[in-house]
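Heads up, the thing below is written out as structure tokens.
The values are calculated or read from the model by the stated rules, or taken from the named source; none is laboratory data. Only a predicted model underlies this, so the values are computations on that prediction, with no experimental measurement involved. So basically every Cβ, Gly included, is an ideal-geometry build from the backbone, and we count neighbours across all protein chains shown. Side chains included, ligands, DNA and RNA excluded: accessible areas come from the protein's heavy atoms. Shrake-Rupley method; radii C 1.70, N 1.55, O 1.52, S 1.80 Å.
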Amino acid sequence: MPMDWTRQIDAYCERTDFTFWAEPVNAATNAAFVLAALVMWHRCAGLPLGRALAAVLGVIGIGSFLFHTLASEWASLADVLPILCFILLYVFVANRAYWGLGLWPALGLTALFFPYAAVTGPLFGRLEWLGSSAGYAPVALLILVYALALARRLPEVAAGLGLGVGLLTVSLTFRTIDMPVCAVLPLGTHFLWHLLNAAMLGWMIEVYRRHVRRVSMDAAPG
């Protein structure tokens, strides 16, 4: 049966109907992604990969805005695809910058994200209390693995990634409890996922920027 890309989706506490502004707070807080993207675009001047990450971060905000206003199947795709692109690009950047891998090894290791997610996603899916957030739990675990693996090689980067895991964990908590708390909090908590996740993704770019600047300073003569 073909997918009905116009089918509308009611997945969040704040939504009560299918009008455009049925989720005003969820929609408006996507500005946090765009703001974080603009800040990091400015801070990553001279760093092509940093600016690429910032650009994708901005697109995440746009895609999420479309989903929280139009609430359709195609808008859902516009919401999740930029997130996937950011994950893959950041893994590639981490492989290049933090592990010093060449182009093809970095790409190959990045491609392993797909079988990794295919294995860990269903495992987290067994935790019913995670709900739809189970799909993001493998990302938090992967960042933690990188942080632990880099602890001795690049302690500053590892600490930064650790903070990223913390922010992502808190933001995922608010994403997870959105519907369960709906009866007592009609606004829901999904908007806090937006705000904290925007800060987390911006911070992850900043971790990369600081590392590159640190390496550049260490390599400078004198």
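Just a few scattered comments:
- Cβ-Cβ under 7 Å pairs, at least 6 apart or on other chains, the range 50-61 side open to solvent by 10 Å² or more (accessible area, probe 1.4 Å), far side not in a helix (DSSP H, G or I): 51/44
- Some residue of the range 119-128 being part of a helix (DSSP H, G or I), touching a helix residue (DSSP H, G or I) at 6+ places or on another chain (Cβ under 7 Å), aromatic (Phe, Trp, Tyr) and without any contact (Cβ under 8 Å) to a residue 40 or more places away in the chain: yes
- Scan of the range 1-27 for residues that are open to solvent by less than 90 Å² (accessible area, probe 1.4 Å), touching a residue at least 12 places away in the same chain (Cβ under 8 Å) and either of a type in the set (Val, Ile, Thr) or not in a loop (DSSP other than H, G, I, E, B) (or both), ordered by number: 8, 9, 25, 26, 27
- Among the residues here, residue 46 does not qualify as without any contact (Cβ under 8 Å) to a residue 24 or more places away in the chain, among the small types (Gly, Ala, Ser) and open to solvent by less than 20 Å² (accessible area, probe 1.4 Å).
- Count of the range 90-107 residues, restricted to those that are open to solvent by 40 Å² or more (accessible area, probe 1.4 Å) and either polar (S, T, N, Q) or within 26 Å of residue 160 (Cβ to Cβ) (or both), is 7.
- Of the residues 181, 170, the single one that is open to solvent by 10 Å² or more (accessible area, probe 1.4 Å), more than 21 Å from residue 85 (Cβ to Cβ), outside any helix (DSSP H, G or I) and touching a residue at least 12 places away in the same chain (Cβ under 8 Å) is 181.
- Considering 31, 54, the condition of being among the aliphatic types (A, V, I, L, M), under 28 Å from residue 181 (Cα atoms) and within 17 Å of the chain's Cα centre (by Cα) is satisfied by 31 alone.
- Test: residue in the range 68-83 that is open to solvent by 70 Å² or more (accessible area, probe 1.4 Å), outside any helix (DSSP H, G or I) and at pLDDT 95 or above: no
- Residue tally, condition closer than 30 Å to residue 69 by Cα, of a type in the set (A, V, I, L, M, F, W, C) and open to solvent by less than 40 Å² (accessible area, probe 1.4 Å), over the range 192-222: 6
- Meets criteria (outside any helix (DSSP H, G or I), open to solvent by less than 60 Å² (accessible area, probe 1.4 Å) and closer than 19 Å to residue 61 by Cβ) for residue 164: no
- Qualifying residue in the range 157-176 (condition: within 22 Å of residue 88 (Cβ to Cβ) and of a type in the set (Ser, Thr, Tyr)): yes
- If you check 128, 156 for being farther than 23 Å from residue 29 by Cβ, of a type outside the set (S, T, N, Q), open to solvent by 50 Å² or more (accessible area, probe 1.4 Å) and modelled with pLDDT under 95, only one passes: 128.
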